[in-house]
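> Next up is a structure, given as structure tokens.
We did not get these values from a lab; they are worked out from the coordinates using the rules stated. From a predicted model like this one, the values you see are computed outputs, not experimental measurements. Neighbour counts run over all protein chains shown; Cβ positions are idealised from the backbone, glycine included.
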Amino acid sequence: MTESTEPETLNINGVLYPTRLTRKYRERKPVTIRNPMEVRAVIPGEIVEILVEPGQPVERGDGVLVLEAMKMRNAVSAAAAGTVTKIHVEPGSLVAKGTLLVELE
Amino acid sequence: MDKRDRLAEFRARVAQLHAGGGEAAAQKQAASGKLLARDRILTLLDEGSFHEYDLFVEHECRDFGMAEKRLAGDGVITGTGTILGFPVCIYAQDFTVAGGSLGLRHARKITKIMDHAMNLRVPLIGINDSGGARIQEGVNSLAGYGEIFYRNSMASGVIPQISVVLGPCAGGAVYSPALTDFVFVVDKISKMFITGPEVIKTVLNEEISMEDLGGARVTAEVSGNAHFFAESEQDCFEQIKRLVTFIPWNNAKKADPFPAKPPRFETPIEKIVPDTPREPFDVRDVVRAVCDDSDFVEIQEHFAANIVVGFARMNGNTVGIVGNQPAVLAGVLDVDAADKAARFIRFCDAFNIPLITLVDLPGYLPGVDQEHAGVIRHGAKILYAYSEATVPKITVILRKAYGGGYIAMCSRHLGADFVFAWPGAEIAVMGSEGAANIIFRREIAGAEDPEARRQEKIQEYSDKFANPYVAAASGHVDALIDPAETRRYLLHALEVSQQKKTVRPERKHGVPPF
């Protein structure tokens, strides 16, 4: 359907196979490994409350802020223990998916 | 009222109901490039064969001003008919009537024709063109969907079910097609999604067009929800007619036999597959070189094209073909390919269609995205489906069959009845290059001329394993055959397997890695 005409190859176990790559393969998104010290928005929405302050120690699972999305108040929690170093948002901030909200150390 | 008046009244009522949502709505339907529901049925079925039921059914909603609204046939046409002489039960949602919205009576018409299909043991064809739930009917509308899904599930593996999406099919409604065996879509007309572009915009703040979200091309190529893609409704109906000739009416029958015909494909089969294991070729050419009249109906042609599945005939009888496709992604198995093949294998097994597997693959597709997407559990589906299948299973190893891919592609170990291999077959844990690099890594690195030593070791491994003789010596392969003899061997294997009987331990059902 959306076939590419470029000569393409695929590496399987160190062997390069000349072959056609599919649209889905070519357009696949690179996988990013999540950094637990960065709290990011998993869903777009509005920040309604911030529960921590810079310099405050947090345990894994502690709520750091409240994100309203899908008509729900979602508690966003720390994925690792650490100390809050930077807060990138304030109540009322509209955030896109993946936005960096809070950094830990 | 005398008899004549009654007849006249009847005719007038029928004419009014046949007019569906009326002239203006019909023009709107035509303007969006769509046929009317009734015309769709009449075009698809044999001339004069359609018999309609429940034309006079009416909704019973009394809320939101619905009491005064008369909806012709409650927005869906149901009946029985034939396709090329093949009996079918059919329904078509009528978008001109309240947007084809599904209320309880509308749903009950559908479930009634579904029950007919099950009792009569004939295929069910559903033509979907609906704005979704009839919101005025509230939970009754949802109940209607649920009753349809339940019947789709109960009919699975008993009668073939075909969904034809000729308009929007959104929200919960899409789960009916998803539960059926074959989904047909038409370019620019079909739209399938759970949450539409507007919800996505509101909730996720992401903009996407309906076409890019769930248009025909996307469903046929990217999501794999659709099995057949057509350029026009007419083209779509021709595809359905062709498919129907290859499948049986129900799971107690075999597909109708056709007169046997020799292949028409002209390239000699031994010229199709290049010697070098890394050179690509189109596995469909091998199918055409062995099957009757070189007639192959491919399913999900555009989705996971690294594996090819579809129907063909051998000596007039339907067979299911599964083949690795080296021309696309080197023919690897990945999440989508395993999913596609497993579903097809289970259809064939449910409907008494023998399976022919053509093998040429380098293995599973490596990558973090594949691992995270669950290539383990998806890949396992193909193992499960082949192992579970009790129809005759015949495998031909055309060239390379490496590692887990060799096992997965209907090896003897998964219960193949016959495994044939061509003399150029390489049945090994991996290709010689990769194997030599791993086994002799230190020796190669420490050599005076590493490249020369590497080539030497590749040759050594290749001489030992890059052939079919090791597997044949262990009986994992039943016969090494001249490629030119492939059709003859397949025909014979199918002939002797006709009475195949496999007894399975009693169980309610297995628990496949869905």
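> Could you tell me which GluC sites (Glu not before Pro) in region B:1-103 are loop residues by DSSP with no more than 13 other beta carbons within 10 angstrom of their beta carbon?
Passing both the DSSP loop test and the Cβ count: B:Glu47, B:Glu58, B:Glu60.
> Next question, about the same structure. Given Cα positions, please report Rg to Rh for region B:19-95, the hydrodynamic radius being the Kirkwood one.
Radius of gyration over Kirkwood radius for region B:19-95 works out to 1.03.
> Figure the gain on full extension for B:Ile438 and B:Glu495 (residue separation times 0.36 nm, minus the Cα-Cα span) and round it to one decimal in nm.
Length gained between B:Ile438 and B:Glu495: 16.1 nm.
> Using the structure shown, list the pairs from B:Lys340/B:Lys393; B:Lys28/B:Lys188; B:Lys381/B:Lys464; B:Lys253/B:Lys400 with a Cα-Cα distance above 25 Å, or answer none.
B:Lys381/B:Lys464; B:Lys253/B:Lys400
> Enter the mean number of other protein chain beta carbons within 10 Å of the beta carbon of each residue in B:197-204, as an integer.
Going residue by residue through B:197-204 and averaging, the value is 2.
> Determine which residues of region B:168-198 fall in the zone a paramagnetic label at B:Phe514 would reach in this model, i.e. backbone nitrogen under 20 Å from the point 7 Å along Cα→Cβ.
Answer for region B:168-198: B:171-183, B:194.
> Arrange the following residues from fewest to most other Cβ atoms within 10 Å of their Cβ: A:Arg73, B:Arg38.
Exposure proxy ranking, most exposed first: A:Arg73, B:Arg38.
> Could you compute the net charge surrounding B:Gly171? Neighbours are other residues with a C-beta less than 15 Å from the C-beta of B:Gly171; K and R count +1, D and E count -1.
Result for the local shell: -1.
> Can you give the Kirkwood hydrodynamic radius for the protein assembly as shown, in Å, rounded to one decimal and based on Cα pairs?
Its Kirkwood hydrodynamic radius stands at 27.6 Å.
> Between B:Ala12 and B:Val139, what FRET efficiency follows from the Cβ-Cβ distance if R0 is 56 Å, with the result rounded to 0.05?
Result of the calculation: an efficiency of 0.95.
> If the reach is capped at under 16 angstrom between alpha carbons, list the aspartates and glutamates near B:Lys501, excluding any in the same chain fewer than eight residues apart.
B:Asp349, B:Glu388, B:Asp417
> What is the fewest-to-most order of B:Asp334, B:Asp94 by other Cβ atoms lying within 10 Å of their Cβ?
Sorted ascending by nearby Cβ count, the order is B:Asp334, B:Asp94.
> So, one more: Can you sort B:Phe296, B:Phe64 by how many other beta carbons sit within 10 Å, fewest first?
The order, fewest Cβ neighbours first, is B:Phe64, B:Phe296.
> While we're here: Size of the dipole of region B:226-269 about the Cα centre, Lys and Arg at +1 and Asp and Glu at -1 on the beta carbon, nothing else charged, in debye to 20?
So the magnitude is around 360 debye.
> Which residues does the label zone of B:Phe56 cover in region B:89-112, counting backbone N under 18 Å from a point 7 Å along Cα→Cβ?
Taking a point 7 Å out along Cα→Cβ of B:Phe56, the residues of region B:89-112 whose backbone N falls under 18 Å are B:105-106, B:109.
> Report the FRET efficiency, 1/(1 + (r/R0)^6), for B:Glu270 and B:Ala447, where r is their Cβ-Cβ distance and R0 is 51 Å, rounded to 0.05.
It comes out at approximately 0.85.
> Mind checking A:20-33 for the average number of partner chain beta-carbons within 10 Å of each residue's beta-carbon?
Other-chain Cβ atoms within 10 Å of each residue's Cβ, averaged: 5.
> Please give the average number of partner chain Cβ atoms lying within 10 Å of the Cβ of each residue in B:324-335, rounded to a whole number.
Averaged over the peptide's residues, the number is 4.
> Hey, another quick one. To the nearest 500 deg cm²/dmol, what mean residue ellipticity at 222 nm is calculated for chain B from DSSP H runs of n ≥ 4 alone, each contributing -39,500 (n - 2.57), summed and divided by the residues?
-10500 deg cm²/dmol
> Another question, then. What does the charge count around B:Met66 come to, taking other residues whose C-beta lies under 15 Å from its C-beta (Lys +1, Arg +1, Asp -1, Glu -1)?
Here the charged neighbours net out to -1.
> Applying the Karplus parametrisation 6.51 cos²θ - 1.76 cosθ + 1.60 with θ = phi - 60° to the phi angles of region B:165-174, what ³J(HN,Hα) value in whole Hz is obtained for each residue in order, glycine and proline being reported as x?
Once θ is set to phi - 60°, the couplings for region B:165-174 become 8, 10, x, x, 8, 10, x, x, 3, 5 Hz.
> Give the cross-link partners of A:Lys86 among the lysines, using a straight C-alpha distance below 29 Å as the criterion and excluding same-chain residues fewer than 8 apart.
Cα-Cα hits under 29 Å: A:Lys29, A:Lys71, A:Lys97.
> Say each of A:Glu8 and B:Val199 gets a label point 7 Å from the Cα, pointing the same way as Cα to Cβ; how far apart are those two points in nm?
So the two model labels end up 3.2 nm from each other.
> How many nm is it between the label spots at A:Glu38 and B:Asp5, if each spot is 7 Å from the Cα in line with the beta carbon?
It works out to 8.3 nm between the two label points.
> If N is the number of residues in region B:44-195, what value comes out of its Cα radius of gyration divided by 2.2 N^0.38 Å?
0.98
> Assuming R0 = 45 Å, what is the FRET efficiency of B:Arg377 and B:Ala31, from their Cβ-Cβ distance, to the nearest 0.05?
It comes to 0.45.
> Take every Cα-Cα pair in chain A and report what % of them are more than 24 Å apart.
Result: 43 percent of Cα pairs exceed 24 Å.
> Here is a further query. Measuring from centroid to centroid over Cα atoms, what is the spacing of region B:120-198 and region B:296-325 in Å?
25 Å
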